[in-house]
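Here is the structure we will look at, set down as structure tokens.
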Amino acid sequence: MTPSGPTTALVIAKEPVPGRVKTRLTPPFTPQEAARLAAAALADTLAVVAALPVRRRILVLCGQPGPWLPAGFEVVPQCAGGLDARIAGAFALCDGPALLVGMDTPQLTAGLLAPALAPDGWERRDAWFGPAVDGGFWALGLAAPDPGLVRGVPMSSVRTGAVQRQRLIDAGLTVGELPTLRDVDTATDAAAVAARTRGRFADVYAGMRRAGAR
């Protein structure tokens with residue numbers, strides 16, 4: 001077994017309840033189908049994080065845990081406020097290097113996070129940043145978690161990633177780049193990601209396609 005490193009892995013997520021998650025998938029998917037896709041994406045993400053060589057694994061959750069939660073995770077509720085405040089609150093839980101991902105990238109692999117989790121990952125960089133195709137970000141790592149580095153960043157905007165990255169640079173941090181990934185927000189995103197990955201999300205998507213979902 002790979003020895004655990006100093007990093008805390010954070011996953012920020014919503015309980016996959018119909019009508020409350022992945023609402024931009026409806027239509028063409030029903031709220032129930034969108035929730036099934038969200039649950040599959042979350043399960044894939046947590047499976048990857050469960051196998052990472054990290055010190056702690058924390059699920060920062062809006063809602064209640066379900067059967068998609070594997071063993072080995074601490075579960076804490078998200079704090080109140082906008083997404084920037086909730087991400088900031090997640091980092092406030094950590095007393096050492098922390099790497100945060102969301103539930104929207106079921107194509108996540110350990111290899112994509114390997115640069116940040118390498119033995120010298122925090123020696124060479126103060127922060128790690130994973131940009132998303134839509135202008136946001138899918139991963140954010142901080143060697144010294146400071147909630148103030150995230151709080152106030154405008155979220156859900158085509159400028160989110162650029163503003164967040166500039167916030168890190170303006171703080172004097174050396175930023176390492178992770179690969180660009182595509183979030184699953186729309187039906188087009190779901191089709192593109194399912195075609196390029198293997199796992200529960202791809203299987204659930206394929207099953208819906210066979211059943212006639214568009």
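From least to most packed, judged by other beta carbons within 10 angstrom and beginning with the fewest, 73, 137 follow the order 73, 137. Where in the range 89-126 does the amide nitrogen come within less than 18 Å of the point 7 Å from the Cα of residue 206, taken along Cα to Cβ? Correct set: 106-108.
Residues within the reach of a label modelled at residue 62 (point 7 angstrom out along Cα to beta-carbon, backbone nitrogen below 15 Å), restricted to the range 24-42, are 24-25, 35, 38-39.
Remark: 22, 14 ranked as 14, 22, counting other beta-carbon atoms within 10 Å and listing the fewest first. Using the Cβ-Cβ distance between residue 71 and residue 175 with R0 = 41 Å, the FRET efficiency computed as 1/(1 + (r/R0)^6) comes to roughly 0.80.
Consider a paramagnetic label point 7 Å from the Cα of residue 55 along Cα→Cβ; state which residues of the range 137-151 have an amide N under 15 Å from it. Residues 142-146 fall inside that zone. Among 92, 50, 80, the largest mean-square fluctuation in a Gaussian network model of the chain, built with springs joining Cα atoms closer than 10 Å, belongs to 80. On a full-extension model of 0.36 nm per residue, what is the gain between residue 166 and residue 109, subtracting their alpha-carbon distance, rounded to one decimal in nm? Result for the pair: 17.9 nm of gain on full extension.
Considering only DSSP beta bridges with both partners in the range 8-208, what is the antiparallel share in %, to the nearest 5? Given both bridge residues lie in the range 8-208, the antiparallel proportion sits at roughly 30 percent.
Karplus-derived 3J(HN,Hα) values for the range 167-177, using 6.51 cos²θ - 1.76 cosθ + 1.60 with θ = phi - 60°, are 4, 5, 5, 5, 7, x, 8, 8, 10, x, 9 Hz; glycine and proline are entered as x. Only helical runs count toward this figure. For the chain, summing -39,500 (n - 2.57) over DSSP H runs of n ≥ 4 and dividing by all residues gives -10000 deg cm²/dmol at 222 nm.
Bear in mind these aren't lab numbers, they're just calculated from the coordinates by the rules spelled out. These figures come from a predicted structure and were not determined experimentally. Every residue, glycine among them, receives a Cβ derived from its backbone with ideal geometry; neighbour counts consider all protein chains shown.
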